[in-house]
Amino acid sequence: MKNFLYFCLILLCAASLVCCDFNGMNNNEEEDDPTSGLEFYFKGDEYSVTGFSGRQETVEIPEEYQGLPVTSIGEKAFISSHIIGIVIPDTITDIGAEAFRHCYNLTSITLPEGVTQIKDSCFLDCEALESVTIKGAVTSIGARAFKNCEMLTQFDFPQSLTEIGSEAFFGSALMSVQLPDSVTEIGDSAFCRCSYLESVNIPEGVTVINESVFSETAIETITIPQGVTSIGGAAFWNCKELTSVTIPDSVTHIGNNAFLDCTSIEYEVYEDNIKYLGNWVMGTTSTDITSANLKSTTVGIYQQAFKDCESLLTITLPNGLKKIGKEAFYRTGLTQITIPDNVTHIGNLAFDICSGLTTVIIGSGIEEIGDYAFHNSGGDGAVSIEINAETPPQIGEKTFNRFKDNLKIYVNSDYINIYKSAQYWSFLADKIYAIES
């Protein structure tokens, strides 16, 4: 009986060894097979890779599966996988959004010729990604496509590219960006926090510099091409290495904080006290000025340009002026101001806390007057504001102080009832009068 038990024990051990060896062979075979763990989805006469559950660090997608072509990689197919490298065959023409998101170990990728779009968040948070090779005519790079790719120092933008999505390269390690002439759209924050980015070109087809697009970079010089009409808020915020900015005549809007904390910019100084970038007033050399003479070509006054110039008593605004920025004349000593017909926008708080400002004439082209723009103008004294626009400009609830007893707003008699019934203007109905002829 004892011998029989020993015999059974020996058989059991032998079986265990064989089983372990077999499993080990399977594991080794799986790790050696670069296609192992791929999941496929049948789509009529072709297949798509939709998932991956393998152990191997390098994956190879086959050109065919079960005799049919493999043509696409689905959304989130490799999300959060541990792969270091992947071989994508030329049969692939589409790669879904977030396909390689959170592949923290992925170091390189080659996109085949048939791929024409890099979709949203495709390589988001691929922190080890160093190399991207594009073989085909890619036309668009989606939002967050390479966001937080902290090792990506170089990217060859294809000549076919037309659009770069928002935050596409946010937080990447790019050092230089050379965009092709075909690019017409660069999304918000596309290169934000690329802290090593020293040089970039903006193609002539771009008409809008979007918000925060180059903020917190190491860019040293920038030339805005002719044809750009708008520079968005915080577009170059905190670019402390930026020394030279060229702004063309076509720019009619510069958003809030577009150049905030750009402490190294070298401005053109006009008439010894006015700082310019192109035809935009950016500030003054001193807050002690008593008068200001602006270029006849001035198109805009940037936010806070004359803020706290409490000795500033007079200024003549040129006829070509189109925009007055936020807090542009906040807490100045102005007593009267005439705003030309070409001005369409007056920013928030633009003339607030101007305690001596009692007479304001606003031209016919005005479209928007921001909140608190004249709220505390004139102090306790009487304030007269004449507005020559036929259509009531858009205002905020507190653009003017409706509780100020000695505030009078004058408009053309033909439009007085339109003003009194317009949004927020209706709160001021008892203060609106016809312009005296």
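The values are calculated or read from the model by the stated rules, or taken from the named source; none is laboratory data. All figures in this text were calculated on a predicted structure; none of them were measured in a lab. No Cβ is skipped: glycine too gets one built from the backbone with ideal geometry, and neighbour counts run over all protein chains shown.
Tabulated results
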read-out	value
Counted residues, the stretch 330-359 - those being hydrophobic (A, V, I, L, M, F, W, C) and surrounded by fewer than 20 Cβ atoms within 10 Å (Cβ to Cβ)	1
Restricting the stretch 277-305 to residues that are in a strand (DSSP E or B) and of a type in the set (S, T, N, Q), the residue that is surrounded by the fewest Cβ atoms within 10 Å (Cβ to Cβ)	SER291
Among (1) within 17 Å of ILE88 (Cβ to Cβ); (2) in contact with an Asp or Glu (Cβ under 9 Å, 6 or more places away or on another chain); (3) not acidic (Asp, Glu) - the single one GLN154 does not satisfy	(1)
Among the candidates GLY187, GLY205, GLY136, residue that is under 18 Å from the mean Cα position of the chain (by Cα), small (Gly, Ala, Ser), more than 20 Å from PHE78 (Cα to Cα) and surrounded by fewer than 17 Cβ atoms within 10 Å (Cβ to Cβ)	GLY205
Condition check for ASP352: modelled with pLDDT of 95 or more, in contact with a Leu (Cβ under 8 Å, 6 or more places away or on another chain) and either under 28 Å from SER311 (Cα atoms) or among the small types (Gly, Ala, Ser) (or both)	no
Only listed residue being out of contact with any helix residue (DSSP H, G or I) (no Cβ under 7 Å at 6 or more places or on another chain), part of a strand (DSSP E or B) and either over 23 Å from THR207 (Cα atoms) or among the acidic types (Asp, Glu) (or both), chosen from VAL115, VAL132	VAL132
Selection status of SER160, hydroxyl-bearing (Ser, Thr, Tyr) and under 19 Å from the mean Cα position of the chain (by Cα)	no
Long-range neighbours under 6 Å by Cβ, at least six apart or interchain, first residue more than 10 Å from PRO392 (Cβ to Cβ) within the stretch 410-437, second modelled with pLDDT under 95 and assigned to a loop (DSSP other than H, G, I, E, B)	TYR410/ILE435; ASN412/ILE435; PHE427/ARG402; LEU428/ARG402
Some residue of the stretch 293-302 being at positive phi and over 28 Å from the mean Cα position of the chain (by Cα)	no
